[in-house]
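Here the structure comes first, spelled out in structure tokens, and everything after it is commentary.
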Amino acid sequence: MIGKSSVTKKINYYDALIIMVVSAMVIASKIQYDVDSNYVSIDAVNLSDIFAMITFLLSAILTLLDLKGYDTELMAYGSIFLAGAFIGISHFDLLIMFALLLSLGIRVAKSPELGYFPVFISTAFAITLGFLVGYFFDVFQAPLFASTIIGKYPTVLLILLVAAIVFRAFSNAFDEVYEIEEKCEEQQTRIKELTYINNSLARFVPHQIWQPLIRDNTPASLFNKRAKLTIVFSDIIGFTQLSDNLSPDVLTEILNTYMNRMTIVAKRHDAVLDKFIGDGMMCFFGTHGHRSVEENAVACVEMALDMRREMRDLRRKWQSEGFEGLYVRIGINTGFCHVGNFGTDIRMSYTIIGKEVNLASRLESVAGQDEIVISQSTYDYVNSDYVCEKVGNVKLKGFEEPVTCWRVKEPVNTQAKAAQWVDHELPGFNLHLNFQDIKNYDYMAIRQYLNKAIERVDSAETVANLSIDK
């Protein structure tokens with residue numbers, strides 16, 4: 001394709017001039033000059049002459065377009081191949097040298113690490129060696145052209161000119177290959193950098209926030225709005241007292257395990273994890289518009305129930321390690337908040353502010369062990385999906401009027417939700433079966449453990465009855 005290009009390197013105009021010279025020599029070979037009669041005649045035109053004329057015309061067009069700033073590299077390569085064609089028709093032996101020169105050029109183009117100087121030396125050496133071998137073995141004895149003007153020695157000049165064309169053409173190809181390789185390496189480096197940035201951002205900024213900023217190219221300072229959100233606060237009851245008696249390594253292990261489990265739960269429900277506050281965490285729902293306010297409230301309560309179940313699993317683990325009395329408490333509220341980037345030019349933080357955020361925090365502070373306390377506004381959205389128990393009107397710090405609170409007990413016992421899990425806890429007894437997570441091949445093992453537990457219960461009950469009888 002011929003067109004203006006600012007990226008692809010152009011064949012310089014003197015390359016086209018070289019091709020024109022080669023073509024002109026072939027055309028001139030048809031001229032017969034008789035010195036005695038001062039008579040000039042032209043031999044009959046054959047196939048090689050047609051190729052020579054076509055090459056000459058293409059070269060002239062090439063020169064004109066190149067001088068006007070067009071990219072004519074494809075035409076230059078075509079002229080080279082045409083030159084090889086009429087060389088082969090005129091003198092088949094010389095076609096071998098032409099093919100070797102092309103092969104050398106291709107090898108050079110595929111090996112940019114060789115550089116220009118070694119390429120020039122190797123090309124010159126190959127041409128010289130070919131000339132010497134051809135001379136001593138009489139390859140060049142038969143003239144290329146039946147002409148009194150052009151004989152065997154200009155044939156060598158013809159080969160040198162073609163060699164110059166090949167060297168120049170593939171040098172340009174070498175430049176482009178090297179440039180493309182550099183750009184590919186730069187792109188690979190850039191991709192690695194962006195991947196590292198994305199992974200780093202995911203650790204510190206919720207993906208619901210940074211992905212739209214990058215995708216839509218939105219300035220961070222403009223990403224602020226007022227929206228109706230559902231906010232959740234949670235922390236560990238008893239952790240502060242326990243932490244005073246723990247070594248830093250053990251404290252870090254317990255806290256990081258808890259945060260990791262809770263983060264997985266939050267991600268599963270597509271919550272925005274705002275921040276960790278000591279042993280507590282703050283999340284919210286509602287900044288992305290694919291769910292309604294009611295759906296966000298229901299999703300938030302469902303997440304809170306999952307967090308409570310995860311905490312029960314962790315509590316069993318910690319009890320086996322000697323750490324007793326660790327429970328989660330959760331507060332949830334729904335209302336309008338300001339959400340966006342707040343801070344200074346030096347540092348900004350994506351978060352939410354408003355009295356509804358404070359209310360969620362206060363609700364968490366009045367929750368008991370493994371309790372989920374919600375506000376009236378949240379209850380209005382979730383009461384058809386979850387069984388709730390009214391706590392009453394509670395006086396909360398920072399609020400003049402008492403706040404109506406509800407305690408979430410369990411999902412409404414529809415057939416589908418009842419079949420999803422079995423969840424029951426008593427002092428010394430904790431049973432949690434989530435049938436969505438259980439694998440088919442684990443049912444036999446679960447049955448064995450349940451039968452073993454029943455045998456232990458029966459045995460303990462017998463001992464207890466004997467003690468009562470005594």
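The values are calculated or read from the model by the stated rules, or taken from the named source; none is laboratory data. Predicted model only: the values in this text are computed from it and were never measured. When we count neighbours, we look across all protein chains shown, and the Cβ atoms used for this are built from the backbone with ideal geometry, even at glycine.
For the reader, a short list of remarks on this structure follows.
- When residues of region 345-373 are limited to those that are more than 40 Å from the chain's Cα centre (by Cα) and of a type in the set (Val, Ile, Thr), the one surrounded by the most Cβ atoms within 10 Å (Cβ to Cβ): Val373
- Of all residues making up region 344-363, the number that are on the phi > 0 side of the Ramachandran plot and free of Cβ contacts under 8 Å to residues at least 12 places away in the same chain: 0
- Of the strands (runs of 3 or more DSSP E) lying entirely inside region 348-407, those containing at least 2 residues that are among the hydroxyl-bearing types (Ser, Thr, Tyr) and touching a strand residue (DSSP E or B) at 6+ places or on another chain (Cβ under 6 Å) span 348-353.
Here is a yes/no grid of residues against (1) among the aliphatic types (A, V, I, L, M); (2) within 23 Å of Ile277 (Cβ to Cβ); (3) not assigned by TED's automatic domain parsing to the domain that holds Phe285:
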position	(1), (2), (3)
Met348	yes, yes, no
Gly354	no, yes, no
Ala367	yes, yes, no
Asp370	no, yes, no
Val373	yes, yes, no
Asn383	no, no, no
Asn393	no, no, no
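- Residue in region 332-343 that is assigned to a strand (DSSP E or B), aliphatic (A, V, I, L, M) and without any contact (Cβ under 8 Å) to a residue 60 or more places away in the chain present: no
- Test: Arg407 is surrounded by 10 or more Cβ atoms within 10 Å (Cβ to Cβ), modelled with pLDDT of 85 or more and farther than 30 Å from Leu229 by Cα: no
- Scanning region 221-266 for residues that are of a type in the set (D, E, K, R), in contact with a helix residue (DSSP H, G or I) (Cβ under 9 Å, 6 or more places away or on another chain) and more than 20 Å from Glu371 (Cβ to Cβ) yields a single hit, Lys228.
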